Amino acid sequence: MKIVTAAQMRSLDQGATSVYGIPSILLMENAARGLVDKIECDFGPLQEKRIVIFAGRGNNGGDGIAAARHLRMRGAMVAVYLFAETSRVAGDARISLDIWKATGGRFFEQHNTSSKQLRHDLSHSDLVIDALLGTGLSQALRAPFDEAVNAMNCCENPIVSIDIPTGISSDTGEILGDAVRAEATYTMALPKWGHFLRDGMAYRGRLQVVDIGIPPKLINDSEIKVELITADSLKGLLPSRRKGSHKGSFGHLLVLAGSTGKRGAAQMCSLAAFRCGAGLVTTAWPKSIDASTAPPTMEIMTLPLPETAEGSVALSAEKILFAACSGKSVLAIGPGLSQDPETVQLVQRLISEVALPMVVDADGLNAIAQDLSLLKQKKGELILTPHPGEMGRLIGQSAAAVQKDRFNIAARFAEAWGVTLLLKGSHTVIASPEGLLYVNDTGNSGMATAGVGDVLTGMIAGFLAQGIKPLDAARLGIALHGSAGDLAAEEQGEVSLLASDLIDKIPKALMNQTK
């Protein structure tokens, strides 16, 4: 499913009318009917429910007013509050408004509405619908919209927004002055950028998409480079387990990770790769860890390496590691590795000289940040998995600056350096070397805990080892990583979630994906 900017959505609406001859009023009617279907499904039977609709003068308001008729036909008691003068409402929105008024719909215009009446209706409502501005907002809210937003937010009853909560930028997700805190958002045709960026993620509540009848061919033929990862889009990516296969059929992953005090990162990465189907996994780490630590599962092989005085992998391990890369399918670098100068130099040499596909995370990324030119010297395909702080170090900006422009920063970096990039965080963004973007919609806040990124590195590397292409391995990895986290949260709760809980749920997440 594509994710669009406000301008792209306007172009699709216009194309549906100009190219396919679909009347725009029909699109509005489809939006209204689909919205009411979603509301009824989520909030139960509409008979005798009291619903207040806050409408603006544009098409977002028109969708809300058209929905009022369909709500009333299903037995709801609806009041429409128009935050504009009727004379300023035009086009399809005016047609919907005229029908509502002509059929006796309960209606209040901005200048003829007492605050007492509005407060009364809000206090006695079962549901409030925000149809004020939608995707058209580009500047801070002004009166009367700021007052309307405040009135809705002070109401104790559920609020649902049409397209995007009023006050949230459709393109950036930032709050423009003030914003509606919606329990659910029903967006028309396709999700918008702002649903997955900055404050938009928190203010939108549950997100659902309403099909309004835009022809799929029109969408597919458009130059839209951002896509939501769905279970359907991942079908067929997992390799089948054919009879007669052996462990070598599913790849041999070499993991370079761990240092004194951080052996768990290496263990979780390796075990996650096994859980995702890798045939063989060898963990290369400092020899003192190897001597004192049993692997988390007996199946993991280990490669003890020379170490520095601080207990990280020494530069003198170079020859052993280069030899170990022979016959391997994939190299994963970084979890718990440390930023010891010798280790950094070793990582840089591996990236510039080893022709294996690699997944690079954590301290592997910090080594790259010291010399970005390594990315032009790489011999194999790279998947980089930075969190916002690591991304900031890669581009010389703050984590806050990265968060403000996640989509564009990820796309530009991946295209400029020819890598597959996962910019982690809520709704992780994956960017391809061609500048395509994929947004993940699985996972929960309980996954903001130590070791979760190490598990992700192992999962992606495990899929890559089985011959899955880098972009597909990244998409599978992040989606199933989030699904495993959601399964774990169902049992453990988000507060108590541990990274190791995700590993335990990988098999179930895989089975759900292959159903």
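The values are calculated or read from the model by the stated rules, or taken from the named source; none is laboratory data. Computed from a prediction, not measured in an experiment: that's the story for all the values here. Don't worry about glycine lacking a Cβ; one is built from the backbone with ideal geometry, like all the others, and counts go over all protein chains shown.
Can you tell me which of Gly443, Gly462, Gly485 is modelled with pLDDT of 95 or more, under 23 Å from Ala355 (Cβ atoms) and touching a helix residue (DSSP H, G or I) at 6+ places or on another chain (Cβ under 6 Å)?
Numbers: Gly443 fails: under 23 Å from Ala355 (Cβ atoms); Gly485 fails: under 23 Å from Ala355 (Cβ atoms).
After ruling out the rest, the residue left standing is Gly462.
Listed by position, the strands (runs of 3 or more DSSP E) contained in segment 180-271 that have at least 2 residues being in contact (Cβ under 8 Å) with a residue 24 or more places away in the chain and surrounded by 21 or more Cβ atoms within 10 Å (Cβ to Cβ) are 184-188, 252-256.
Can you tell me which residue among Thr135, Thr103, Thr166 is among the hydroxyl-bearing types (Ser, Thr, Tyr), surrounded by 14 or more Cβ atoms within 10 Å (Cβ to Cβ) and either at pLDDT 95 or above or closer than 16 Å to Val52 by Cβ (or both)? Spell out how you get there, then give the answer.
Details: Thr135 fails: either at pLDDT 95 or above or closer than 16 Å to Val52 by Cβ (or both); Thr103 fails: surrounded by 14 or more Cβ atoms within 10 Å (Cβ to Cβ).
Just one listed residue meets the conditions, Thr166.
Could you grab me the full set of residues in segment 424-435 that are within 14 Å of Arg198 (Cα to Cα) and assigned to a strand (DSSP E or B)? Residue satisfying the conditions is Val429 alone.
Given the residues Lys469, Lys424, which is the only one that is more than 21 Å from Thr343 (Cβ to Cβ), in contact with a helix residue (DSSP H, G or I) (Cβ under 7 Å, 6 or more places away or on another chain) and not assigned by TED's automatic domain parsing to the domain that holds Gly194? Let's see the steps before the verdict.
Numbers: Lys469 fails: in contact with a helix residue (DSSP H, G or I) (Cβ under 7 Å, 6 or more places away or on another chain).
Result: Lys424 is the single residue among Lys469, Lys424 that is more than 21 Å from Thr343 (Cβ to Cβ), in contact with a helix residue (DSSP H, G or I) (Cβ under 7 Å, 6 or more places away or on another chain) and not assigned by TED's automatic domain parsing to the domain that holds Gly194.
Within segment 345-365, which residues are farther than 16 Å from Thr420 by Cβ and surrounded by fewer than 22 Cβ atoms within 10 Å (Cβ to Cβ)?
To start, the set of residues in segment 345-365 that are farther than 16 Å from Thr420 by Cβ comprises 345-350, 352-355, 362-363.
Listed by number, the residues that qualify are Gln345, Gln348, Arg349, Ser352, Glu353, Val354, Ala355.
Candidates are the residues of segment 43-91 that are in contact with a Pro (Cβ under 9 Å, 6 or more places away or on another chain) and either assigned to a helix (DSSP H, G or I) or charged (D, E, K, R) (or both); the one that is surrounded by the fewest Cβ atoms within 10 Å (Cβ to Cβ) is Arg74. Is there a residue being of a type in the set (Lys, Arg), in contact with a helix residue (DSSP H, G or I) (Cβ under 8 Å, 6 or more places away or on another chain) and over 23 Å from Leu118 (Cβ atoms) anywhere in segment 181-188? Within segment 181-188, not a single residue is of a type in the set (Lys, Arg), in contact with a helix residue (DSSP H, G or I) (Cβ under 8 Å, 6 or more places away or on another chain) and over 23 Å from Leu118 (Cβ atoms). Once segment 436-491 is narrowed to residues that are over 16 Å from the mean Cα position of the chain (by Cα), outside any helix (DSSP H, G or I) and polar (S, T, N, Q), the residue that is surrounded by the most Cβ atoms within 10 Å (Cβ to Cβ) is Gln466. Within segment 286-301, the only residue that satisfies the criterion of being touching a Gly at 6+ places or on another chain (Cβ under 7 Å) and either within 27 Å of Ala509 (Cβ to Cβ) or surrounded by fewer than 19 Cβ atoms within 10 Å (Cβ to Cβ) (or both) is Ser288.
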